[in-house]
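I have a structure here, written as structure tokens, and I will follow up with some questions on it.
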């Protein structure tokens, strides 16, 4: 990614600002990896099942996925509205 950015005309500060928008995706990726590791340990017998911890982990994973789907749909809806608005502006 760094090499590709060096070959473009994007300035440093807009690039850094846009990079900050990736932080939620990084957090979700790390979180899903941690939960998957815990599930594999429990299923493999390397760790014992702790009802409260594992139930909260499952609930929070489902909640995280639901929020991700909701935000994605919201962004897609907003994008399509902006595209429609831009289409009306350009054709008029």
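What's the long-distance tail for region 23-91, i.e. % of Cα pairs beyond 18 Å?
Summing the P(r) of region 23-91 above 18 Å gives 56 percent of all pairs.
Would you list 7, 68 from fewest to most Cβ contacts within 10 Å? Could you put the intermediate results ahead of the total?
Details: 7 7, 68 14.
Ascending number of Cβ neighbours within 10 Å: 7, 68.
Values in this text are rule-based calculations from the coordinates and carry no lab data. Please read these numbers as outputs of a predicted model, since none were measured by experiment. Because the Cβ atoms are built from the backbone with ideal geometry, glycine has one as well, and the counts that use them run over all protein chains shown.
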